[in-house]
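Participant: There's a structure below that I have some questions on.
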Amino acid sequence: MDKATLDREFSDLYRAHLKDVYSYAYYRVGNHHDAEDLTEQTFLQAYRHFERAVAESDGRPLRPWLIRIAHNLAANLYRDRSRKPQTPIDDTQHLRTVHTTEDLVEGRDELARILEGVQQLPDDRREALIMRFALGMDNREIARAMGRTDGATKVLIHRAIKQLEQIVQTQGAAA
């Protein structure tokens, strides 16, 4: 494949999957700055291996491959940070609008419990739920991204949902 064709095809891949890779990164790392860095690193690494990935894909979509790269880079980020702890800066983002309706408050509280519950899940279950519900990936794509069989992925997602339901119920009862 010549350089111009390679660049054009990679640009198409980038445009098609930038939002998904960024969304995955954001749900994984929890802040925009790190998500942007992770997204950039994902596409830089993908570009380096793009020609080989296309040849090996046999026409299958490359989104799971990109998410796998982002997953590995996020794992490296966490591993590196655990070796050299950083002092977190206080979250400076505050709600600018005060919501007075009880429904909004209850919905926000439930969402907070769910997001907190997702963070309590084991890594593989958290990853599978992010891919499924935040990115809308199907089980086959998730299986490819995680290096698992379709059946194992289906079981993983089912168990993750059940565990998350238990966590949220327990938090709701304690609140």
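Participant: Exactly one of (1) in contact with a Phe, Trp or Tyr (Cβ under 8 Å, 6 or more places away or on another chain); (2) modelled with pLDDT of 90 or more; (3) over 18 Å from Ala134 (Cβ atoms) is unmet by Leu6. Its number?
Facilitator: Status for Leu6: all satisfied but (2).
Participant: Please go through region 46-75 and pick out each residue that is of a type in the set (Asp, Glu) and either in contact (Cβ under 8 Å) with a residue 12 or more places away in the chain or at positive phi (or both).
Facilitator: Glu51, Asp58, listed by residue number.
Participant: Restricting the search to region 55-90, which residues are open to solvent by less than 70 Å² (accessible area, probe 1.4 Å), farther than 17 Å from Tyr26 by Cα and modelled with pLDDT of 90 or more?
Facilitator: Within region 55-90, Leu62, Trp65 meet the criteria.
Participant: Still on this structure: Of all the residues that make up region 27-48, how many are among the β-branched types (Val, Ile, Thr) and over 17 Å from Arg63 (Cβ atoms)?
Facilitator: The number of residues fulfilling the criteria is 1.
Participant: OK, next. Does at least one position in region 143-156 carry a residue that is assigned to a helix (DSSP H, G or I), modelled with pLDDT of 90 or more and among the β-branched types (Val, Ile, Thr)?
Facilitator: yes
Participant: I want to confirm something. Restricting to region 17-30 and keeping residues that are surrounded by fewer than 18 Cβ atoms within 10 Å (Cβ to Cβ) and either among the basic types (Lys, Arg) or at pLDDT below 85 (or both), which single residue is farthest from Ala46 (Cα to Cα)?
Facilitator: Per the stated criteria, the residue is Gly30.
Participant: Here is a further query. For Glu102, all conditions in the list (1) farther than 21 Å from Ile69 by Cβ; (2) open to solvent by 50 Å² or more (accessible area, probe 1.4 Å); (3) at pLDDT 90 or above hold save one; what is the number of the exception?
Facilitator: With respect to (1) farther than 21 Å from Ile69 by Cβ; (2) open to solvent by 50 Å² or more (accessible area, probe 1.4 Å); (3) at pLDDT 90 or above, Glu102 is out only on (3).
The values are calculated or read from the model by the stated rules, or taken from the named source; none is laboratory data. For clarity, every value in this text was computed on a predicted model and none was experimentally measured. Using ideal geometry, Cβ is built from the backbone for each residue, glycine included, and neighbour counts are taken over all protein chains shown. Heads up: the accessible areas ignore ligands, DNA and RNA and are worked out on the full protein's heavy atoms, side chains in. Shrake-Rupley method; radii C 1.70, N 1.55, O 1.52, S 1.80 Å.
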